Amino acid sequence: MATKKTSKKAPVKAAEKKTAAAKTETKTTVKRVVAESTAKSKRVELDSKLPNNLINIVIAEVIGTFILTLAALFASDILSSMYVGFALMFIVAIIGNISGAHVNPAVTFGLWTMRKLKTVLVPFYWGAQFLGAMAAIVLVGSLTNGGFALSFDQFTAFSWNIFAMELVGTAVFVFGIAAVLQRKEIKAAGQAFGIGLALMIGLVVSGSISSYIKSTAIAKIQKDQSTTQTEKNGRTYPREIYISGATLNPAVSLAVTEKTDSQLRSNGVLPAEGEKSYSRFSLEVIAATLIGAALGGNLFLLVNYRNKDEE
């Protein structure tokens, strides 16, 4: 009889143990879900929280983009990549520890796609960068007594050749930036040199593409001598001929202009009276630089990730 009583109680105890285990597992699952949701909410709060030195970041980006725009405007065509690269080295050295020295909306976008910049900060960076470029435009306009007047009639113009030139150059530039930033052992001076050198190489690569584009356009002109040589916008040559090179920077493109017919003939700094100076700020530059920055930065992350796996 004692044996039978024990056998009846055993299944009951086993069921109680299963119920207790299920309750414990349920509690653990609930705690895990609550912990994950709490972590996500904290992460969202951190991502949406503005830094205490936001005003310093904005001022630094305004000053840095102002300097870079002036360097791009006054650099000679032959050594422009070197001058602009050295200017960026200087900018990174003086404000890199404050804002990161993006001084370029495409770089800001590229770092954002790489998850190295908070979403909430992107509008502040972009606003500061365009403000710095506009300040440079105002300064040059005042120094030339209004001779530096911009026209945005070419904003909607789109050339696949110019698009490709800007995209490839920006991708090379941001790929270099991502590589430099990944090397934590490099000191501030080394990072400034590496980022400036990346811009130089990006400009050289896009410059080589630009030369081929111009050569193709000139060959087309010579082939079509029998047809009219006046474009719809009143220009003598195709638009690619008037482009001096890539900008790799939507903010700087606001101040950089396409050459006019008189500037092509005489290499003058200012256009002749009655000629329009078309700003390089256009849909093709905006789209190409943003896409190129995202491609260059994330391509490096992909390459670097595979290298880590192999190690």
Here P(r) for the range 41-190, Cα-Cα distances in 5 Å bins, as whole percents, is 2, 8, 14, 19, 22, 17, 10, 6, 3, 1, 0
Hey, which of these cross-link pairs are over 22 Å Cα-Cα: LYS118/LYS184; LYS49/LYS184; LYS220/LYS276; LYS118/LYS187? LYS49/LYS184; LYS220/LYS276; LYS118/LYS187
Under 13 Å from the Cβ of MET165, count the other residues' Cβ atoms, weight Lys and Arg +1, Asp and Glu -1, and hand me the total. 0
How large is ³J(HN,Hα) for each residue in the range 173-188, as worked out from phi by the Karplus curve 6.51 cos²θ - 1.76 cosθ + 1.60 (θ = phi - 60°), to whole Hz, x for Gly and Pro? 4, 6, 4, x, 4, 4, 5, 5, 5, 6, 7, 5, 7, 6, 6, 4
TYR278's amide H: which non-local residues (gap 5+, or another chain) put their own amide H closer than 5 Å, with H modeled 1.01 Å from N in plane and none for Pro or chain starts? SER151, GLU258
Using θ = phi - 60° and Karplus 6.51 cos²θ - 1.76 cosθ + 1.60, couplings along the range 118-127 (whole Hz; Gly, Pro as x): 5, 4, 5, 8, 4, x, 5, 4, 4, x
Given a 1.4 Å probe, how much area per residue of the range 56-132 is accessible, in Å²? 44
State the percentage of accessible surface on the range 71-193 attributable to carbon and sulfur atoms; use a 1.4 Å probe and exclude ligands, DNA and RNA. 68
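The values are calculated or read from the model by the stated rules, or taken from the named source; none is laboratory data. The structure displayed is predicted, hence computed values, not measured ones. Here the Cβ is made from the backbone with ideal geometry for all residues, glycine too, and neighbour counts use every protein chain on show. For the accessible areas, the whole protein counts, side chains as well, though only heavy atoms, and no ligand, DNA or RNA atoms are used. Shrake-Rupley method; radii C 1.70, N 1.55, O 1.52, S 1.80 Å.
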